[in-house]
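The values are calculated or read from the model by the stated rules, or taken from the named source; none is laboratory data. Keep in mind that what you see is a predicted model, and the values were worked out from it rather than measured. Backbone-built Cβ (ideal geometry, glycine too); neighbour counts: all protein chains shown. These accessible areas exclude ligands, DNA and RNA; they are computed on the full protein's heavy atoms, side chains included. Shrake-Rupley method; radii C 1.70, N 1.55, O 1.52, S 1.80 Å.
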Amino acid sequence: MGSEEVGNRQIILNDYIKGFPKESDMSLKTSSIKLKVPADSPNAILVKNLYLSCDPYMRNRMQKTEGSYIEPYTPGTPIVGYGVSKVVDSAHLNFKVGDLVWGRTGWEEYSLIKEPETLIKIQHTDVPLSYYTGILGMPGMTAYTGFYEVCSPKKGETLFVSAASGAVGQLVGQFAKLLGCYVVGSAGSKDKVDLLKTKFGFDDAFNYKEEQDLTSALKRYFPNGIDIYFENVGGKMLDAVLLNMNNKGRIAVCGMISQYNLEQPEGVHNLFCTVNKRIRMEGFLVFDYYHLYPKFLEMVLPLIKEGKITYVEDIAEGLESAPAALIGLYSGRNVGKQLVVVARE
């Protein structure tokens, strides 16, 4: 049984891309894999992938880049991303068969993980397992560290979140509301705006696609200015925010999804505002903060169980649906956290 060989369906990146990604940039292929860690891979584990996470940063890995914080994908091999997996075989002392883990894995049914130290064991299974691709995984940690560690928020401050209904934005807004901030989010459809106001409890929200002038839109929603901006989109939105920031405002730069598919990124014209308003603008990467994960769980698990925080997922069924699900992120097709179910156990 242990060394049985099975088919392993995989999502392969065909070649490096330019501009907007397409489904045809990826292909589904089947290879075979033995359900046993090979003898030449000491400390490795073999996992069965259950849920895969679609995240905006993955676009950057589809092109040949140098000097990025994360290496590009290798064409002809499976895409890699965050996921939730179950250990099928282990040659590592800290992982045993049946353990559930989250962290980086391949876009395939089974993955051999040679450095499982980067994976986090799932101890709490009284919440949906899929949450470890989102609220209890990398996006949740991103929201938590970006808001609390980078923004230094205080009760009563005003917060603006762009891409607010996404995996990270929906949580930043809710954390801020729990702290007693005034929160407005932007999103790209009427349904998402309604979601922000009704389900996530934002004070207000707007559809950026319907605004002729983002600067005056922000002035309307923040007559007294913005103290904190959680930046997910970049480009014209960042320019408009800079004009509306208050003195000593803080901007946490999490991502810039509006720029990822442009061959020539847009310039930002109002950067002098950072000088005359003494704005602190700081980019951050979540893996610098993973040591805070236990503290994060301590805060967030009770909030989930008490219904004080809510989370919306957009679930695509089956590995074959993964390319379309990933590409949908860049046109805003997803509502909430986009993930793919590979297997339900």
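Proximity of backbone amide H atoms, modeled 1.01 Å from N, is registered between Asp99 and Val87 at under 5 Å, excluding neighbours fewer than 5 places apart on the same chain. Taking 20 Å as the cut-off, the amide N atoms of segment 6-21 that come nearer than this to a point 7 Å along the Cα-to-beta-carbon line of Glu66 belong to 16-19. With 24 Å as the limit, the listed pairs Lys34/Lys86; Lys177/Lys236; Lys199/Lys305 have Lys177/Lys236 beyond it between alpha carbons. One Cα centroid belongs to segment 212-251, the other to segment 1-42; the line between them spans 43 Å.
Can you work out the FRET efficiency for the pair His124 and Lys236, with r the C-beta to C-beta distance and R0 = 41 Å, to the nearest 0.05? Step by step, r from the Cβ atoms, then E = 0.50.
Taking the Cα centre of the chain as reference, the dipole from Cβ charges on Lys and Arg (+1) and Asp and Glu (-1) amounts to some 720 debye. Couplings 3J(HN,Hα) of segment 28-40, computed from phi: 9, 9, 10, 10, 10, 8, 7, 7, 8, 5, x, 4, 8 Hz, in residue order, whole Hz [Karplus 6.51 cos²θ - 1.76 cosθ + 1.60, θ = phi - 60°; x for Gly and Pro].
Taken per residue, the accessible surface of segment 201-258 reaches 41 Å², heavy atoms only and a 1.4 Å probe. Note on segment 1-59: Rg/Rh from C-alpha atoms, Kirkwood Rh, equals 1.07.
For segment 1-82, which GluC sites (Glu not before Pro) are in a loop by DSSP, counting at most 15 other Cβ atoms within 10 Å? For GluC sites (Glu not before Pro) across segment 1-82 that sit outside H, G, I, E and B with at most 15 neighbouring Cβ atoms in 10 Å, the list reads Glu4, Glu66. Taking label positions 7 Å along the Cα-Cβ direction at both Leu285 and Asp15, the computed distance is 2.9 nm, reported to one decimal. A Förster radius of 35 Å combined with the Cβ-Cβ distance from Asp191 to Lys96 puts the calculated FRET efficiency at roughly 0.20. Modelled label positions at Thr198 and Asn261, each set 7 Å beyond Cα in the direction of Cβ, lie 2.8 nm from each other. What the pair-distance distribution of segment 74-229 shows, using all Cα-Cα distances binned every 10 Å from zero, is 10, 31, 26, 19, 12, 2 percent. Per-residue extension of 0.36 nm, minus the Cα-Cα distance of Gln212 and Ala39, leaves a gain of 56.1 nm for this segment. The modelled label-to-label distance for the pair Arg220/Glu320, using points 7 Å beyond Cα in the direction of Cβ, is 4.5 nm. The stretch between Leu292 and Arg278 holds 2.2 nm of extra length on full extension. This uses 0.36 nm per residue minus the Cα-Cα distance.
Shape analysis of segment 93-166 places it in the prolate category; the axes a ≥ b ≥ c from the Cα gyration tensor give an a/c of at least 1.5, with a/b above b/c.
Projected onto planes of every orientation and averaged, the convex hull of the alpha-carbon atoms in segment 142-294 covers 9.1 nm². Computed from the C-alpha gyration tensor, the three semi-axes of the ellipsoid equivalent to the chain are 37, 22, 17 Å, from longest to shortest. Amide H contacts of Gln63 (H built 1.01 Å from N, in plane; Pro and chain starts excluded): Ile17, Tyr73 sit under 5 Å, all sequence-distant by 5 or more or on other chains.
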